[in-house]
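Notes follow the structure.
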Amino acid sequence: MKKWRFLLVMFTVLLLLGACGSNASTGNNAGSGDKNYPSQPLTVVVPNSAGGGNDTAARMMSKLLNDLKLVEQPFTIQNKPGGGQAVGMAEFVTKYKDDYGLYLGSPPTIINYLRKEGNSPYGHNDVTPLGLLYSDIAILAVKADSKYKDLASFVADLKANPEGVSIVGGSGPGSQDHLVVMLLADKLGIDPNKVKYVGYDGSSDALTSILGDNGDALATDLSGISEFVKSGDVRILAVASPERLGGELADIPTYQEQGVDLVYYNWRGVFGPKNMSENAIAFWDEKLKELTETEEFQAELAASGFKPGYMNKEDFTQYLKEQEDMFTDILKKLNMLK
């Protein structure tokens, strides 16, 4: 009897050691080798407040993935605003180590790390790119009764007196709206350092400023002012897309067709932890592609004025490198590069 008990105990120990060895080989990554991944609830970290662009993207994605039965496990959205996305990025990189955490990011994922006065030690190389969902489109707008009836008249004044034209945006110096304005100046051959830019705490405050005649033009995303365009309170001088938009916005010209080679998107991308397992990466590569091809997802984009343009992991990773080069160049010209 003692012999059989001894053999039973040894057999149990061997099984436990085998299980521990399996976990060690995967770095204790919760999703590694799990053929049923995901087998537990998922968390999406959003580095912005509820209601913002990244929050909208995260909630749209998670809701449709569940509603369409592409992912059975529920999602929890964790909003971690602060520091122009730096707080949320730090939270994700330092605390989410397994396959059950996702991060919904946009260009500040790169910008905050590159800026001299940026407050983030983390960038896109500290996470795993999984896919680009869609993009918001950068625009230049004016109040409906502005003297600027087209981009040409605005550019003429900007070239003649860069410091005399006030351009407002929904974020401060070195941030996204500011850099779009600086990219425009650079494309026009104007010293970006001479352009007058006034940053506000969000696109709604910036919009209020031009409606109150406290700014000459507004640089922001289309989605943030689309309702005011439809109501006739605001006119868009140019959209930073390579082709015109459709529907009610089809009459708005692009920068390129007006002689300015500027294309800029405020993309919304999904990331995983840096050491995410290959199994989980493959899962999201498949599911995000399926999601973006559904009629329901396309309808959401059309209703909000977002630009389709899904990128898989490989393409998104390459795109991030190109974005890094672009931001590095303009930050260097502004003496704002680390």
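The values are calculated or read from the model by the stated rules, or taken from the named source; none is laboratory data. Computed from a predicted model, the values in this text were never measured in an experiment. In this analysis, Cβ positions are derived from the backbone assuming ideal geometry, glycine residues included, and neighbour counts consider all displayed protein chains.
At-a-glance table
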item: Counted residues, the stretch 143-163 - those being in contact with a strand residue (DSSP E or B) (Cβ under 8 Å, 6 or more places away or on another chain) and either loosely packed, with under 11 Cβ neighbours inside 10 Å or of a type in the set (S, T, N, Q) (or both); result: 2
item: Those residues of the stretch 264-274 which are surrounded by 17 or more Cβ atoms within 10 Å (Cβ to Cβ) and either in contact with a helix residue (DSSP H, G or I) (Cβ under 8 Å, 6 or more places away or on another chain) or at pLDDT 95 or above (or both), in sequence order; result: TYR264, ASN266, TRP267, ARG268, GLY269, VAL270, PHE271, GLY272, PRO273
item: Check on LYS116, more than 30 Å from TYR319 (Cβ to Cβ) and touching a residue at least 12 places away in the same chain (Cβ under 8 Å); result: no
item: Qualifying residue in the stretch 80-88 (condition: closer than 19 Å to LEU291 by Cα, outside the structural domain of ASP201 (by TED's automatic domain parsing) and aliphatic (A, V, I, L, M)); result: no
item: Every residue from the stretch 275-306 that is within 25 Å of ASP221 (Cα to Cα), part of a loop (DSSP other than H, G, I, E, B), touching a Leu at 6+ places or on another chain (Cβ under 9 Å) and at pLDDT 95 or above; result: THR294
item: Test: residue in the stretch 175-196 that is over 20 Å from GLY53 (Cα atoms) and in contact with a strand residue (DSSP E or B) (Cβ under 6 Å, 6 or more places away or on another chain); result: yes
item: Test: residue in the stretch 207-224 that is assigned to a helix (DSSP H, G or I) and charged (D, E, K, R); result: no
item: Subset of the stretch 41-81 [over 23 Å from SER226 (Cα atoms) and either touching a Cys at 6+ places or on another chain (Cβ under 9 Å) or among the charged types (D, E, K, R) (or both)]; result: LYS63, ASP67, LYS69, GLU72, LYS80
item: Tally, over the stretch 71-109, of residues that are among the aliphatic types (A, V, I, L, M) and modelled with pLDDT under 95; result: 2
item: All positions within the stretch 91-105 that are aliphatic (A, V, I, L, M) and closer than 17 Å to ASN275 by Cβ; result: VAL93, LEU102
item: Count - residues of the stretch 193-206 that are under 23 Å from the mean Cα position of the chain (by Cα) and in a strand (DSSP E or B); result: 3
item: Residue in the stretch 47-61 that is buried (at least 20 other Cβ atoms within 10 Å of the Cβ), in contact (Cβ under 8 Å) with a residue 24 or more places away in the chain and outside any helix (DSSP H, G or I) present; result: yes
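One line per residue, one yes/no per condition, for (1) part of a loop (DSSP other than H, G, I, E, B); (2) buried (at least 23 other Cβ atoms within 10 Å of the Cβ); (3) free of Cβ contacts under 8 Å to residues at least 24 places away in the same chain:
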| residue | (1), (2), (3) |
| --- | --- |
| THR76 | no, no, no |
| GLN85 | no, yes, no |
| LEU102 | no, yes, no |
| PRO121 | yes, no, no |
